[in-house]
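Novice: Questions regarding the structure given below will be posed in turn.
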Amino acid sequence: MFKLGKITFSCPLILAPMSGISDLPFRIINRKFGCEFAFSEMINARSLAKLNVKTFKMLASNAEDRPLGIQLVGSDDFYIHKALENLNAVKFDLLDFNAACPKKKVVSKGAGAYLLKEPKKLNRLLKLIVKTRPDIAVTVKMRLGWENKSLICDLARGAQDAGICAIFIHGRTKAQGYSGKVDYKSIAEVKKAVTIPVIGSGDVFGAGLAKKMLDETGVDAVCIARGALGNPWIFGQTKAFLKKGYMPQHLQVDEVAHVMKEHLKLCIDSYGSLGGVLRFRKFFVWYTRGFSRIKNLREKVMHVKSDKEMFNLIDEFRQTKAQQTSTMARFLLA
Ligand SMILES: Cc1cc2nc3c(=O)[nH]c(=O)nc-3n(C[C@H](O)[C@H](O)[C@H](O)COP(=O)(O)O)c2cc1C
């Protein structure tokens, strides 16, 4: 059993934060398949401080959607403090601070991975968050460094001294982006450097890779990000593999089509008919990855504009009786 603050897990798996992806429908679908803890999309502290309507919509949740982590990104003490005040109206269970995002629009404002270059500032912001919300578990998500990895253990110890309760670590530097393989050795060093739980992130595309991350780094839990795109089954499969050694089986097209429809319905509930369909398009592509002879459907989906058309396209996919030829391919981004 794994614990994060007051949250207990029967299996050490977490659905990672993904901006543009980790909305309520995505979280609910993953929870139905055994995901025990999920994150919101990254929330900009300045927008939240200014009560931006779009930002508040990103915080939409419900009773089924717990325990929930909210991830804040920012670099300004004033806006972070104000954002935390505004979060008083929101129900959630864990607050993560982002020191990992490599996007230009984030790092150019001194936030996300840029804070890895400013350990004192990162430390000050973490202390501010811990002090302002003593009632909630506070964590940080970091990459291994900006360009080199030599400071990561000091950064991790500094974060621990600031009073946070766990560290999420993506085993790549900001400069690496998503290239190369995740660095298990450096994640293992972070784990050894601190006494609080460490959660590893990077390349967990299936049950075997989750076990490899746990075994080779000694982390307390792992985060699943890209591996869950169009693949909520990853949670149940990984649990069964970690607990009983069961190997994941290929999925049947009927089962995948059924879950696609459930996910689409949730998108329509959250965003309305057109909004839901537009949101679901990319998921159609992810759900159908690894199935043979469906290239034409994946091209068609980008032109679908109504819910009826989208449900029909899912039926067309089901009727192809396509075979899943590869499980690994499902887990990789195009
Ligand atoms: C589309 C996308 C959006 C992401 N958005 C966030 C984010 O908002 N906050 C964050 O901390 N990490 C974000 N990440 C990074 C993931 O949480 C994760 O650390 C990274 O993808 C490595 O894990 P993976 O190999 O399992 O995908 C994002 C990743 C992807 C692919």
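The values are calculated or read from the model by the stated rules, or taken from the named source; none is laboratory data. This one's a predicted model, so the numbers in the text were calculated from it and none came from an experiment. Methodologically, a virtual Cβ is constructed for each residue, glycine included, from the backbone with ideal geometry; neighbour enumeration extends over all protein chains shown.
Novice: If only one of 40, 61, 10, 19 is of a type in the set (Gly, Ala, Ser), within 21 Å of residue 277 (Cα to Cα), in the same structural domain as residue 113 (by TED's automatic domain parsing) and away from the ligand (no atom under 16 Å from the Cβ), which one is it?
Specialist: Numbers: 40 fails: away from the ligand (no atom under 16 Å from the Cβ); 10 fails: within 21 Å of residue 277 (Cα to Cα); 19 fails: away from the ligand (no atom under 16 Å from the Cβ).
Criteria check complete, one pass: 61.
Novice: For segment 139-159, enumerate the residues that are more than 15 Å from the ligand (Cβ to nearest atom), in a loop (DSSP other than H, G, I, E, B) and closer than 22 Å to residue 106 by Cα.
Specialist: Matches in segment 139-159: 146, 147, 148, 149, 151.
Novice: Another question, then. Among the numbered conditions (1) surrounded by fewer than 23 Cβ atoms within 10 Å (Cβ to Cβ); (2) in contact with a Ser or Thr (Cβ under 8 Å, 6 or more places away or on another chain); (3) among the aliphatic types (A, V, I, L, M), tell me where residue 13 comes up short.
Specialist: Among (1) surrounded by fewer than 23 Cβ atoms within 10 Å (Cβ to Cβ); (2) in contact with a Ser or Thr (Cβ under 8 Å, 6 or more places away or on another chain); (3) among the aliphatic types (A, V, I, L, M), residue 13 violates only (1).
Novice: Moving to a separate point now. What is the number of the single condition among (1) within 28 Å of residue 305 (Cβ to Cβ); (2) within 16 Å of the ligand (Cβ to nearest atom); (3) crowded, with 20+ Cβ neighbours inside 10 Å; (4) among the β-branched types (Val, Ile, Thr) that residue 256 does not meet?
Specialist: (2)
Novice: What are the residue pairs meeting all of these: first residue in segment 227-238, first residue under 7 Å from residue 33 (Cβ atoms) and in contact (Cβ under 8 Å) with a residue 12 or more places away in the chain, second residue surrounded by fewer than 24 Cβ atoms within 10 Å (Cβ to Cβ) and among the small types (Gly, Ala, Ser), Cβ atoms under 9 Å, and 6 or more apart or on different chains?
Specialist: Cβ pairs passing all conditions: 232/34; 233/34; 235/34; 236/34.
Novice: Among the candidates 203, 220, single out the residue that is of a type in the set (Asp, Glu), closer than 19 Å to residue 17 by Cα and touching a helix residue (DSSP H, G or I) at 6+ places or on another chain (Cβ under 7 Å). Even if it seems obvious, please write down each step before you answer.
Specialist: Details: 220 fails: touching a helix residue (DSSP H, G or I) at 6+ places or on another chain (Cβ under 7 Å).
Just one listed residue meets the conditions, 203.
Novice: Could I ask something else about it? Of everything in segment 278-296, what is within 22 Å of residue 233 (Cα to Cα), assigned to a helix (DSSP H, G or I) and not aromatic (Phe, Trp, Tyr)? Give them in sequence order.
Specialist: Within segment 278-296, 279, 281, 282, 285 meet the criteria.
Novice: Just to be sure I understand, how many residues within segment 306-329 are out of contact with any Gly (no Cβ under 9 Å at 6 or more places or on another chain) and either at pLDDT 95 or above or in a helix (DSSP H, G or I) (or both)? Even if it seems obvious, please write down each step before you answer.
Specialist: Step one: filter segment 306-329 for residues out of contact with any Gly (no Cβ under 9 Å at 6 or more places or on another chain), giving 306, 308-309, 311-323.
Filter once more, so that each one left must be either at pLDDT 95 or above or in a helix (DSSP H, G or I) (or both): 306, 308-309, 311-319.
Adding up the residues that qualify gives 12.
Novice: Tell me, please, whether a residue that is under 28 Å from residue 290 (Cα atoms), without any contact (Cβ under 8 Å) to a residue 40 or more places away in the chain and out of contact with any His (no Cβ under 9 Å at 6 or more places or on another chain) can be found in segment 185-200. Quick ask: steps written out before the conclusion?
Specialist: Pass one, segment 185-200, residues under 28 Å from residue 290 (Cα atoms): 200.
Subsequent filtering for residues that are without any contact (Cβ under 8 Å) to a residue 40 or more places away in the chain retains 200.
With the extra rule that they be out of contact with any His (no Cβ under 9 Å at 6 or more places or on another chain), the set shrinks to none.
Scanning segment 185-200 turns up no residue that is under 28 Å from residue 290 (Cα atoms), without any contact (Cβ under 8 Å) to a residue 40 or more places away in the chain and out of contact with any His (no Cβ under 9 Å at 6 or more places or on another chain).
Novice: Starting from segment 36-57, keep only residues that are more than 13 Å from residue 80 (Cα to Cα), then list their pairs with residues that are more than 16 Å from the ligand (Cβ to nearest atom) and of a type in the set (D, E, K, R) whose Cβ atoms are within a distance under 7 Å, requiring at least 6 positions of separation or different chains.
Specialist: Within 7 Å, the pairs are 38/31.
Novice: Quick check on segment 98-106. Is at least one of its residues touching a strand residue (DSSP E or B) at 6+ places or on another chain (Cβ under 8 Å) and under 30 Å from residue 264 (Cβ atoms)?
Specialist: For segment 98-106, residues touching a strand residue (DSSP E or B) at 6+ places or on another chain (Cβ under 8 Å) and under 30 Å from residue 264 (Cβ atoms): present.
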